[in-house]
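Before any comments, here is the structure.
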Amino acid sequence: MLRSLIICPDRSLCEHFEDILLDIGGVGVLRVLEKYPHTHELLRHVRTSAPQILFVSAEDLEKTLLIIREMESNAPHVQLIVISRSADPNLLLELMRAGVREVLPLPFQPQAIRESIGRVREVIDKKPVVSDATELLFSFLPSKAGSGTTTVALNTAVALSRQPETNVLLADMDLNCGLLRFMLKLDNAYSVTDAAEHALNMDENLWPQLVSSMGKLDVLHSGRMNPGFRMEGTQIRHLLEFARRHYGAICIDHSGNMEKYSIEIMQESKRIFLVCTPEIPSLHLAREKHAFLKQLDLGDKVSVLLNRCVRRQVISPQQIEALLGMPVTMSLPNDYNGVHRALTAGKAVDPVSELGKVFEQLARSLVEKRLPSAAPVSETPSKKGGLLDFLNLKNSTSNPAPSPSGATALVPKG
Ligand SMILES: Nc1ncnc2c1ncn2[C@@H]1O[C@H](COP(=O)(O)OP(=O)(O)OP(=O)(O)O)[C@@H](O)[C@H]1O
Ligand SMILES: [Mg+2]
């Protein structure tokens, strides 16, 4: 199945085209952009979705040509197919001059589309994409302060660095209460704010001075409290681009305050791990954050990690998922002693402990690009308690937090 993106502000044209694609089969649509994206947005979609084909509609020729140029210089491996309502010879000439080889005008002929995709498939098969930039960028976001997010981000990063051929960057983006420096007893004077300030001219000489290396893991801590520090979108993008080219996987620890730079990073992330604990306030805030992320069109990147689980939970798994309005992707056991021992030693939790094994399992699934399937949200809340009644959620359990797509599937598509 070939992976594709569609850029098409003309909704009815797009729906018609998608219907035909579906009938033909062999091409999956990862995302439809209903507006022509700005360059950085376009490239972000290309990085996070890694499409093989980009379908772009030509109703605004100037914007279409801009997209074609940007793709040619930044992602030449992605095959372009232009769709159009018109077969105007001037339009076709302009597209040809821009180097476009595949144009599909109305009326869409399934046979012509099949042939066009066939030609494109041949090119893709001959030149499989060799990208030197990792797509394994993961955000760790607390539902509520103290959920254990930093602990989870750190231990997942360490477990990732134990995977074959995976060097890892762990960056602390909690500029007020960042704890990684303390937890790992790091003494590097430089921090993420220095990295941001030098983002535009980052190079292989400067970078090693900014990070602290521990085997295959590099850590960029957040330095001293720096509440006023603002990071610009361009700084973030440059830093992440640099990191993507130099690491096999990247883990970002967020504060949970949804700063602008934090949202920028989440937009760049392959997956956002929302870390919560099996307690009502934490679950409630996880639901709120998920709803907020859905408004930003980031909802389908979210996976819930339920931290500090005990065997006899006060709230049943069904109630937890009903409160969250989404499935739990992974449960991590409560291990106060294990986490405490690791903290005092300035390292990760024991990999053979129950908690350590869960981090190992999570890390392996991330490099193998398959998260454990999340169970569907239970539609029949436990009969035991009137908790859902109490929280006024009973009627909304089969219809979780509002979502434009209504999707609650959390297993990544790719
Ligand atoms: N699985 C676990 N078992 C036992 N204790 C844990 C576990 N995970 C985290 N903790 C403990 O929970 C506390 C909060 O952890 P941590 O600082 O990682 O959370 P956080 O969500 O990053 O918090 P903050 O909001 O301060 O950033 C710490 O004392 C940590 O040791
Ligand atoms: Mg933290």
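The values are calculated or read from the model by the stated rules, or taken from the named source; none is laboratory data. The model shown is predicted, which means the values in this text are computed figures rather than measured ones. Counting neighbours? That spans all protein chains shown, and the Cβs are built from the backbone with ideal geometry, glycine included.
Among residues that are basic (Lys, Arg) and part of a loop (DSSP other than H, G, I, E, B), residue 244 is not included.
Across the range 247-291, what is the number of residues that are charged (D, E, K, R), within 25 Å of residue 213 (Cβ to Cβ) and either within 16 Å of ligand 1 (Cβ to nearest atom) or part of a loop (DSSP other than H, G, I, E, B) (or both)? Adding up the residues that qualify gives 2. Can you name the residue in the range 173-225 that is of a type in the set (S, T, N, Q) and under 26 Å from the mean Cα position of the chain (by Cα) and is also modelled with the lowest pLDDT among such residues? Per the criteria, the residue is 201.
All of (1) within 16 Å of ligand 1 (Cβ to nearest atom); (2) farther than 22 Å from residue 275 by Cα; (3) out of contact with any helix residue (DSSP H, G or I) (no Cβ under 9 Å at 6 or more places or on another chain) hold for residue 186 with one exception: (3). Look at residue 339 and say whether it is without any contact (Cβ under 8 Å) to a residue 60 or more places away in the chain, within 12 Å of ligand 1 (Cβ to nearest atom) and in a helix (DSSP H, G or I). Judged against the criteria, residue 339 is not a match.
Scan the range 208-215 and give yes if some residue there is farther than 30 Å from residue 350 by Cα and of a type in the set (A, V, I, L, M, F, W, C), otherwise no. Walk me through how you get there before you give the answer.
Let us first name the residues in the range 208-215 that are farther than 30 Å from residue 350 by Cα, namely none.
No, because not a single residue in the range 208-215 is farther than 30 Å from residue 350 by Cα and of a type in the set (A, V, I, L, M, F, W, C).
One residue is enough: does the range 73-93 have a residue meeting the conditions of a type in the set (Ser, Thr, Tyr) and closer than 30 Å to residue 234 by Cβ? Looking through the range 73-93, at least one residue is of a type in the set (Ser, Thr, Tyr) and closer than 30 Å to residue 234 by Cβ.
Selection of the range 138-148 for residues being assigned to a strand (DSSP E or B) and within 12 Å of ligand 2 (Cβ to nearest atom) yields 140, 141, 142.
Residues in the range 292-317 that are of a type in the set (S, T, N, Q) and over 15 Å from residue 329 (Cβ atoms) were compared, and the one that is farthest from ligand 1 (Cβ to nearest atom) is 295. Residues that are within 23 Å of residue 237 (Cβ to Cβ), touching a Gly at 6+ places or on another chain (Cβ under 7 Å) and either part of a helix (DSSP H, G or I) or in contact (Cβ under 8 Å) with a residue 24 or more places away in the chain (or both): does the range 149-162 have at least one? No, because not a single residue in the range 149-162 is within 23 Å of residue 237 (Cβ to Cβ), touching a Gly at 6+ places or on another chain (Cβ under 7 Å) and either part of a helix (DSSP H, G or I) or in contact (Cβ under 8 Å) with a residue 24 or more places away in the chain (or both).
Applying the set (1) in a loop (DSSP other than H, G, I, E, B); (2) crowded, with 24+ Cβ neighbours inside 10 Å to residue 177 leaves exactly one unmet item: (2).
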